[in-house]
Every structure is written in C-alpha cells, then in structure tokens.
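The values are calculated or read from the model by the stated rules, or taken from the named source; none is laboratory data. Quick caveat, the model's predicted, so the values are computed rather than measured. In this analysis, Cβ positions are derived from the backbone assuming ideal geometry, glycine residues included, and neighbour counts consider all displayed protein chains. These area figures cover heavy atoms from the full protein model, side chains too; ligands, DNA and RNA do not enter into them. Shrake-Rupley method; radii C 1.70, N 1.55, O 1.52, S 1.80 Å.
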Amino acid sequence: MDILFALASSFILLVFSVSKGYFVAYPLFVTLGILVVVLRRRGFTLKYLFKLIIDGSKKSFSVLNILLLIGAVTAVWMAAGTVPAIVYYGIQLIHPKLFILSAFLLTSFVSFLIGTSFGAASTIGVALMIMAKGSNVNPHLIAGAIIGGAYWGDRCSPMSSSANLIASITATNLYQNIRNMLVTAWLPLGISCIIYLIFSWFYPVQITDSSLLIELNQLFDLHWVTLLPAIVILVLAVFRVEVKLSMLFSIIVSVLIALFLQHYRLTQLIQFIYTGFQLEQNTQIRSILLGGGILSMLKVSVIVLISTAISGLLSGTAALKIVEKFLRSIHSRSHLFSGTTLIGTGAAAFGCTQTIAILLTQELVSKKYEQVQLTADYLATDLENTVVVISPLIPWNIAGLVPATILMTDSGFIPFACYLYLIPLCNWLLLRSGKDWIQTEALLNTPK
C-alpha cells in the first residue's frame with residue numbers, strides 16, 4: 001500500500017509538472033526521495049538503496065554521450081542548411097489531393113533523418129500546418145498524420161535517442177534493432193498510407209501560404225551539397241558504422257558546409273553546438289528553425305539518469321511484485337506481447353515521459369523474456385512496438401503533448417495518428433496468427 005501511495009504521489013507530481021511546463025526532473029527527483037523513505041521503512045538499509053540507485057543510473061552512461069551528440073548534430077544540420085533544404089524540397093513535392101498522405105510521409109522521412117519526433121514536428125510539421133492553415137480540413141487530422149510520421153523516425157532512426165536508449169539497456173545491436181523494426185513496421189505503415197490516401201482524396205488541402213519557401217531560399221544557400229550531412233548518416237548506417245562515429249563525421253561535414261557555404265563564423269557554430277541553433281533575422285521561420293544543441297540534451301540526460309535510478313530501485317527491491325505475479329501467468333508469445341503492451345501503457349501513463357516508460361517497462365518485463373528463452377532482440381523490438389509508440393497516445397505524456405503544442409493543436413490528434421496504434425495492433429494480430437517476423441528473419445539469415 002505504501003508503494004502504491006508513493007507511485008500515486010509521483011504520478012500527481014508528474015502530471016502537475018507537465019501541465020505547468022516545469023522541468024520533469026524535479027518531480028522525478030522528489031519521487032526518488034519518496035521511494036527511498038518508503039523502502040527504508042520497509043527495512044532496506046540506506047547503503048543498499050543507494051547501491052541500487054547507483055547501479056541503476058550506470059545503465060544510462062553508455063547512452064548519455066550519444067544524446068549529447070544528437071543535440072550537436074541537430075544544431076549544425078540547421079546551420080549547414082540541411083534541415084531547411086529537406087523542408088524546402090520536401091514541401092514542393094506536395095499535391096493538394098495528396099496533402100495528408102504527403103504530410104505523413106514527409107514527416108516520416110525528416111524524422112528518420114534527424115532522429116527526433118520533436119525536431120520533425122517543429123520543422124517540417126510546423127511548415128505543413130502553416131501552409132494548410134487557410135483550408136477547411138480538420139487541423140487534428142493533419143496533426144495526427146504529422147505526429148504519426150514523426151514517430152516513424154523516433155522509433156527506427158540511427159540518430160533516435162529512444163532507439164539508442166533501448167539498444168543500450170537491452171545490450172543489443174542498434175542496427176539489428178532497426179532492421180527488426182523495419183520488418184515489423186511494413187504492414188502498419190502500408191495500412192496507414194492507405195488510410196491517409198483516402199483522407200487526402202476526400203479532404204484535399206489547397207496550399208495557401210508559400211512565403212515559407214521564399215524565406216528559406218533567401219536565408220540559406222540550398223545547394224544540393226547541404227544534404228551531404230544526412231547522406232553521410234544514411235551511407236554509414238548501411239555499412240553499420242558505429243553510430244557515434246557516424247554522427248562525428250556528419251558534424252564535421254556540417255561544420256564545413258556552414259562555414260564555406262552558409263558563411264557562419266566558427267565562433268557562431270561553437271555556440272550553436274552548445275546552446276542550439278537560432279536565426280539572427282527576425283522572420284516567420286525563426287520559430288521553426290530553432291533548437292538542438294548540447295544544452296537541450298543535457299536536460300534529457302538528467303531525466304534519463306534519474307529515471308534509470310528509479311527503475312533500479314524498484315527492480316532491486318521487488319517493489320512491484322503484483323506485476324511479476326501478472327507476468328507469471330503468461331505462457332505464449334502473443335500473450336507476452338499483450339502483457340508488455342499493457343505494462344508499457346501503464347508506464348507511459350504513470351511516467352508522463354517516453355524515457356521513464358521505456359526504462360520502467362524494460363525493468364518489469366526483461367526477466368520474463370529470459371525465462372521464456374527469448375533473446376534481448378525480441379525484448380528490444382517489442383519495446384519499440386509498444387511503449388515507444390503508445391507514449392504519444394497518452395494525452396498528458398510529453399511524447400504527444402509537446403508535438404501537439406508545437407503544431408498548435410491538442411489531444412484531438414490522437415484518433416488520427418493511425419500509425420501509432422496500428423504498430424502494436426498489427427504485431428499482436430500477427431503473433432496471434434502464429435507469425436513472428438523477427439523469428440522469420442532470423443531463420444532466413446541462418447547459414448545452411
């Protein structure tokens with residue numbers, strides 16, 4: 001009962017913090033303190049509790065430097081004109097009767113390149129919303145397509161913080177995880193495209209604002225060379241070069257382009273890498289091309305650090321025995337996926353952030369995967385197919401709340417974010433029918 005009270009108090013603090021826009025690390029730190037007090041009263045020594053906290057937080061160390069690199073990459077890609085070029089050329093491909101489908105696919109492409117749902121929503125997403133502002137189409141429909149697409153890359157990009165986090169905590173290979181994610185995504189992706197194609201046909205969006213394209217062309221030299229930093233990431237990913245090394249190469253290329261093509265000073269670029277990119281000119285797109293930087297990822301890193309400490313504390317003290325009891329009743333692959341989905345949904349609702357949801361779910365279900373002799377690859381893919389895409393569907397979880405706010409909408413986008421709920425649904429149906437695409441791929445690649 002005392003643990004439930006502690007978790008309920010934490011949930012209230014987190015929801016309050018999210019609703020007021022406070023830094024989530026504050027309520028998380030309070031939660032950590034409450035749990036230490038409760039578990040100390042249960043008889044655990046402070047020495048043991050602090051050991052669990054340290055051991056738990058150590059799990060985040062391998063991913064923290066990647067998070068900082070992601071912040072640096074995002075900033076220099078904007079300065080080099082890479083992100084502006086993707087937005088500029090992408091928007092020109094849109095036809096009014098394919099607008100909603102294009103919004104989904106374009107955002108998917110951008111999010112895959114830059115690896116962040118928030119970044120995709122705040123660049124190509126905002127541009128699309130502004131251009132469709134004069135139409136009579138429900139803005140929630142457009143926002144749902146954009147946010148659904150934004151989580152395509154957040155789920156399976158080599159630059160995604162969540163993909164790197166899952167690879168780290170499950171001790172799996174990032175590129176193998178991405179391959180498994182692509183294999184398990186083709187069906188929900190195809191169905192989503194059909195749904196958005198139908199919506200596009202019946203609700204055409206006439207683009208009324210082309211000033212964004214004009215301003216982008218005026219502020220940046222959009223030569224094709226600006227796409228090189230993204231091409232470097234994609235090519236090195238094909239050859240499975242270690243992701244940190246890929247990002248460093250991309251940063252070097254971006255800095256050279258920003259210096260010699262966009263004519264930024266080296267001191268400016270160093271500042272962008274640390275504090276994030278910001279245009280000096282007071283234009284319409286100043287609020288769109290904004291962000292990145294190591295400083296922004298430091299906040300994410302703190303959240304990851306405290307979250308792993310909380311997960312270690314709950315796991316090491318067996319504080320959530322009721323979940324273990326529930327998992328013991330599971331005896332089939334499809335039921336295990338269902339259980340992971342249920343636990344992931346609860347973790348996403350409780351944690352209010354995608355990071356907490358991932359860490360808590362992994363801590364709670366990992367032992368069960370070992371017991372039924374499923375490798376860590378299965379666990380990593382199931383986490384990507386459940387908690388990662390479910391988190392944005394929780395109205396108060398910042399995974400969906402922040403992109404919705406960026407796009408000037410609210411939780412009304414949720415019914416239209418088809419891809420997000422088709423991922424767990426399609427994979428559950430396939431498992432129920434006896435098809436496990438990860439296993440099939442593994443068998444196909446087994447030497448004969």
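For this structure, a couple of remarks:
Results for (1) part of a loop (DSSP other than H, G, I, E, B); (2) within 21 Å of the chain's Cα centre (by Cα), shown as yes or no for each residue.
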position: Met129; (1), (2): no, yes
position: Ile147; (1), (2): no, yes
position: Pro204; (1), (2): yes, no
position: Leu228; (1), (2): no, no
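- For region 241-267, taking the residues that are assigned to a helix (DSSP H, G or I) and aromatic (Phe, Trp, Tyr), the one that is most open to solvent (accessible area, probe 1.4 Å) is identified as Phe260.
Rundown of residues vs (1) in contact (Cβ under 8 Å) with a residue 24 or more places away in the chain; (2) out of contact with any helix residue (DSSP H, G or I) (no Cβ under 9 Å at 6 or more places or on another chain); (3) within 24 Å of Ser287 (Cα to Cα); (4) open to solvent by 50 Å² or more (accessible area, probe 1.4 Å), yes/no style:
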site: Pro188; (1), (2), (3), (4): yes, no, no, no
site: Cys193; (1), (2), (3), (4): yes, no, no, no
site: Gln206; (1), (2), (3), (4): yes, no, yes, yes
site: Leu213; (1), (2), (3), (4): yes, no, yes, no
site: Leu216; (1), (2), (3), (4): yes, no, yes, no
site: Leu236; (1), (2), (3), (4): no, no, no, no
site: Leu269; (1), (2), (3), (4): yes, no, yes, no
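- Selection count, region 13-44, where residues are assigned to a helix (DSSP H, G or I) and more than 20 Å from Leu359 (Cβ to Cβ): 6
- Positions within region 411-422 being touching a residue at least 40 places away in the same chain (Cβ under 8 Å) and open to solvent by 30 Å² or more (accessible area, probe 1.4 Å), in sequence order: Ile414, Pro415, Phe416
- Single residue of region 423-448 satisfying the filter (farther than 29 Å from Ile288 by Cβ, modelled with pLDDT of 80 or more and crowded, with 19+ Cβ neighbours inside 10 Å) that is nearest to the chain's Cα centre (by Cα): Pro424
- Scanning region 372-390 for residues that are at pLDDT 95 or above and in a loop (DSSP other than H, G, I, E, B) yields a single hit, Thr386.
- Residues of region 371-405 that turn out to be under 15 Å from the mean Cα position of the chain (by Cα) and open to solvent by 10 Å² or more (accessible area, probe 1.4 Å), as a count: 6
- Condition met for Thr405 (of a type outside the set (A, V, I, L, M, F, W, C), closer than 24 Å to Asn173 by Cα and out of contact with any Phe, Trp or Tyr (no Cβ under 8 Å at 6 or more places or on another chain)): no
- Some residue of region 83-94 being open to solvent by 40 Å² or more (accessible area, probe 1.4 Å) and of a type outside the set (Ser, Thr, Tyr): yes
- Here Ser60 does not qualify as modelled with pLDDT under 85, farther than 21 Å from Glu363 by Cα and open to solvent by less than 20 Å² (accessible area, probe 1.4 Å).
- Taken across region 49-70, residues that are part of a loop (DSSP other than H, G, I, E, B) and at positive phi do not occur at all.
- Residue within region 274-282 that is of a type in the set (Asp, Glu), open to solvent by 60 Å² or more (accessible area, probe 1.4 Å), under 24 Å from Met297 (Cβ atoms) and assigned to a loop (DSSP other than H, G, I, E, B) present: yes
- In region 218-231, of all residues being modelled with pLDDT of 90 or more and aliphatic (A, V, I, L, M), the one that is most open to solvent (accessible area, probe 1.4 Å) corresponds to Ile231.
- Only one of Ala163, Ala79 that is modelled with pLDDT of 90 or more, small (Gly, Ala, Ser), in contact with a Cys (Cβ under 7 Å, 6 or more places away or on another chain) and assigned to a helix (DSSP H, G or I): Ala163
- Within region 302-339, the set of residues being surrounded by fewer than 22 Cβ atoms within 10 Å (Cβ to Cβ) and of a type in the set (Ser, Thr, Tyr) comprises Ser315, Thr317, Ser329, Ser332, Ser334, Ser338.
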